[in-house]
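Working notes, structure below.
We did not get these values from a lab; they are worked out from the coordinates using the rules stated. On a predicted model such as this, the values are computed, not experimentally measured, just so you know. Note: ideal-geometry Cβ built from the backbone for every residue, glycine included; neighbour counts use all protein chains shown.
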Amino acid sequence: MEFNGAPRLMIVSDLDNTMVDHQDHENKSLLRFDALWEAEYNHDSLLVFSTGRSPHLYFELRSHVPLLTPGIAIMSVGTEIKYGESMVPDHGWEQELNEGWDRDAIVEEATKLNLKFQVESEQRPHKVSFYVEKKSAQEVLATLNERFKARGLNPKLIYSGGVDLDILPQGAGKGQALAYLMRKFKAEGRTPGHTLVCGDSGNDAELFAVADVSGVIVGNAQEELLQWHAEHAGDKSHIFLATERCASGILEAMKHFDLQPYVSPRDHPVALSVNDKQAPKIGAVAAAHEVVEYLLLIEQWLRGDVPNSHQVHNRLKSVLAPDSSLVHAYGIISNPYKEIDSFHSLYGSQNGKTFAIWADRIRTMEISDDSWVVRFDKWQRTGLTFFFLCLFIQAYADTPNGLQWKLIHETWLSGYSGAGSNSSA
Ligand code: GLC
Ligand code: MG
């Protein structure tokens, strides 16, 4: 996040079966969302992931799925809030959750009932989790509630995905964690212009009840969330039932709520000439567009998804200044304007493969009226490039985004577990 003021848009999204479609092995819908977010929103908006996963399983998911780096990650069903890339924990929130929380007593009662504990990584300071079969869920929940009541305990029980039972402090959960964040933003005078919450299962229900949000229940939602929606009294116009699955359902909701722009750069051909561009943009937005569209066009060229034409090649070449330099991660310096010619022979080399290139963490800094430094992470699925790139770009009228790349400096992204590995789906 480069902005200091209020986010224009805040998207708060669940991960499993909302942002991430486990049936979409190429992650096509997630990549559509990623491209839109990076090109249009990242510079002034806030992406929040709200997941049931512990930090351990969150990173495990990131290692094989092209998830962007969120501004805030809320994990373990709203019991852990982490800020920024270095995941700074919100200790204030954790302290609030201690209120009336007796973890040992909860474990004791569950053990008496012989409940099946989830794996160790998912047992957290303010979350105890079990597997409970759908057919016995109602009975188990009722019995637990009785026993807790008898002991003077009042935890929150959430059943999700027709299999997971989470027991949390009464003040915890995805909804309360979001409400807490909203209070913080308000106190700082940074209330987002619009907040869109996105979910598919039981533990997401609370998100839709937070004040001043609109929400999308994705097309593949679980029965328990649809049932909650059906039973939920009052005005529901702020909740959109998408027909499309997962991230595509989020894009559908952006259109429904008229959150502009909502068309992903992956949903139309990349502009090849200055005449194809609708409205010229300047600065950070133009630079972000350029990065997203350039990487996308390279991906399409390598996959053979665009014609092997002079226009496409020219689009790739014209944004490189004839005297530009590329400092490679391994130290060599070359001229990309000349090198791009050898790119001809790679046309279609990734055809039929699960291949994608995407950008994460695009940041733009204005150097002067007509020049910018852009930094971003470039990820490539199959192959071995996970680069951190820094570009120096300058205004140049005859290109689709009005920019020309002067200097490209790449560095290996190290010690980072991201979705570029060969093992990715
Ligand atoms: C994630 C967590 C699990 C939790 C479930 C539902 O799968 O790993 O512990 O029960 O979400 O919230
Ligand atoms: Mg989910």
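Pairs 174/378; 127/186; 127/174; 149/184; 134/156: which are spaced more than 21 Å apart, C-alpha to C-alpha?
Flagged as over cut-off: 174/378; 127/186; 149/184.
Quick one: if you stick a label point 7 Å off each Cα along the C-beta vector at residue 211 and residue 157, how many nm between them?
Computed distance between label sites residue 211 and residue 157 equals 3.0 nm.
Suppose the chain between residue 186 and residue 111 were pulled fully straight at 0.36 nm per residue; how much longer would it get relative to their current alpha carbon spacing? Walk me through the numbers before you get to the answer.
Working: separation 75, 0.36 × 75 = 27.00 nm, distance 4.19 nm.
Residue separation times 0.36 nm, minus the Cα-Cα distance, leaves 22.8 nm.
Tally Lys/Arg at +1 and Asp/Glu at -1 over every other residue whose Cβ is under 12 Å from the Cβ of residue 59; what's the total?
Spelling it out: positives minus negatives among the neighbours equals +2.
Which percentage, to the nearest 5, of the DSSP beta bridges contained in the stretch 294-412 is antiparallel? Show your work: numbers first, answer last.
On the way: 30 of 34 bridges.
The antiparallel fraction comes to roughly 90 percent.
Based on the mean of other beta carbon atoms within 10 Å per residue, what is the order of 106-114, 299-307, most packed first?
299-307, 106-114
Calculate the FRET efficiency for residue 341 and residue 260 from the Cβ-Cβ distance with a Förster distance of 41 Å, rounded to the nearest 0.05.
So, using R0 = 41 Å, E works out to roughly 0.60.
Residues of the stretch 292-307 with the amide nitrogen closer than 16 Å to a label point 7 Å from the Cα of residue 351, along Cα-to-Cβ, please.
299-307
For the residue pair residue 22 and residue 330, what label-to-label distance in nm results when each label sits 7 Å from Cα along the Cα-to-beta-carbon direction?
3.9 nm
Among the aspartates and glutamates, select those whose C-alpha is under 16 Å from the C-alpha of residue 353, and discard any that sit fewer than 8 residues away in the same chain.
24, 26, 299, 305
Taking K and R as +1 and D and E as -1, what net charge do the other residues with C-beta under 13 Å from the C-beta of residue 353 add up to? List each step's numbers first, then the result.
Working: positive: 303, 381; negative: 26, 299, 305.
Taking every other residue near residue 353 into account, the sum is -1.
Can you tell which of 189, 283, 202 shows the greatest fluctuation in a Gaussian network model of the chain with Cα springs below 10 Å?
Largest GNM mean-square fluctuation: 189.
What is the gain in length, in nm to one decimal, between residue 373 and residue 276 on full extension, counting 0.36 nm per residue of separation less the C-alpha to C-alpha distance? Before the final figure, lay out the partial values.
On the way: separation 97, 0.36 × 97 = 34.92 nm, distance 2.52 nm.
Result: 32.4 nm gained on full extension.
How much length is gained if the chain between residue 238 and residue 268 is pulled fully straight, taking 0.36 nm per residue apart and subtracting their Cα-Cα distance, in nm to one decimal?
Residue separation times 0.36 nm, minus the Cα-Cα distance, leaves 7.9 nm.
Show me the ranking of peptides 398-408, 22-32 by mean Cβ neighbours inside 10 Å, starting with the highest.
398-408, 22-32
For a footprinting-style exposure proxy, rank 378, 134 by other Cβ within 10 Å, fewest first.
134, 378
How charged is the neighbourhood of residue 395? Take every other residue with its Cβ under 12 Å from the Cβ of residue 395, and add Lys/Arg as +1 and Asp/Glu as -1.
Residues close to residue 395 contribute a combined charge of -3.
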